[in-house]
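The values are calculated or read from the model by the stated rules, or taken from the named source; none is laboratory data. Since we're looking at a predicted model, the values are computed, not measured. Neighbour counts are summed over all protein chains in view; Cβ atoms, including those assigned to glycine, are modelled from backbone coordinates with ideal geometry. The area values use the complete protein model at the heavy-atom level, side chains included, leaving out ligands, DNA and RNA. Shrake-Rupley method; radii C 1.70, N 1.55, O 1.52, S 1.80 Å.
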Amino acid sequence: MPNEKLQVASGNGNSDARPGGLDALLRAASEGGASSIRPVEKWDPPYCGDIGMAIRRDGTWHYQGSPIGRIALVKLFASILRKDDDGRTYLVTPAEKVDVQVEDAPFLAVEMAVEGEGQAQRLTFRTNLDDVVTVDAEHPLRFAPSGPDGGLKPYVLVRGRLEALCTRAVYAELVELAVAGDVGGEEVGVWSGGVWWGMG
């Protein structure tokens, strides 16, 4: 773990910015193993500011402007990620929480599996950090406008308020599965988990 910390901090030549905060986050994230998701929703630590963590639109994590190249380290940080009802995203431990600037969504849905068909269809997504989520009432799928071109961006809820944005390839697969919600209806969508998810 010390080597992973060094890689994050030394990549930008500015390892003096809040080193104690980063050390504490690394220690908290590493407790319980790399793949464990901590009970971050139950923690209520004080806000401790911004240490320069960011998640870019393409899913890459950055610390003080430099990309974090080790996927194991990114997964550690993702295990203590939380989006609060103020709309902001944080890294959270029992002792502190710090800002994470998120350009779009914290995760990307990079792969989709389809089981069944019609109303019995189930759509399961794998994220860029290997979370696996099946679309249902607890993990809704939503489609948001993507800009002036009139396109759509699909998001699936992973946990808490954290969503994964579907990549273009996955979106193309969703479009192929789209059906009308009602006979003769104009709006199309996809079935999963017994729910029809309209594309708007």
Exercise for the section: Please verify whether the stretch 47-67 includes one or more residues that are more than 21 Å from Arg126 (Cβ to Cβ), among the small types (Gly, Ala, Ser) and without any contact (Cβ under 8 Å) to a residue 24 or more places away in the chain. Expected result: no
In the stretch 135-149, is there at least one residue being among the β-branched types (Val, Ile, Thr) and either on the phi > 0 side of the Ramachandran plot or not in a loop (DSSP other than H, G, I, E, B) (or both)?
no
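The rows are residues; the columns are (1) of a type in the set (A, V, I, L, M); (2) within 30 Å of Glu41 (Cβ to Cβ); (3) touching a helix residue (DSSP H, G or I) at 6+ places or on another chain (Cβ under 7 Å).
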site: Lys153; (1), (2), (3): no, yes, no
site: Arg159; (1), (2), (3): no, yes, no
site: Glu163; (1), (2), (3): no, yes, no
site: Val170; (1), (2), (3): yes, yes, no
site: Leu174; (1), (2), (3): yes, yes, no
site: Leu177; (1), (2), (3): yes, no, no
site: Gly193; (1), (2), (3): no, yes, no
site: Trp196; (1), (2), (3): no, yes, no
In this structure, is Asp99 open to solvent by 30 Å² or more (accessible area, probe 1.4 Å) and either assigned to a loop (DSSP other than H, G, I, E, B) or at pLDDT 95 or above (or both)? no
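Got a sec? Which of Ala54, Ala24, Ala17 is assigned to a strand (DSSP E or B), under 22 Å from Arg88 (Cα atoms) and either within 21 Å of the chain's Cα centre (by Cα) or at pLDDT below 80 (or both)?
Step by step, each of Ala54, Ala24, Ala17 is checked, and only Ala54 is assigned to a strand (DSSP E or B), under 22 Å from Arg88 (Cα atoms) and either within 21 Å of the chain's Cα centre (by Cα) or at pLDDT below 80 (or both).
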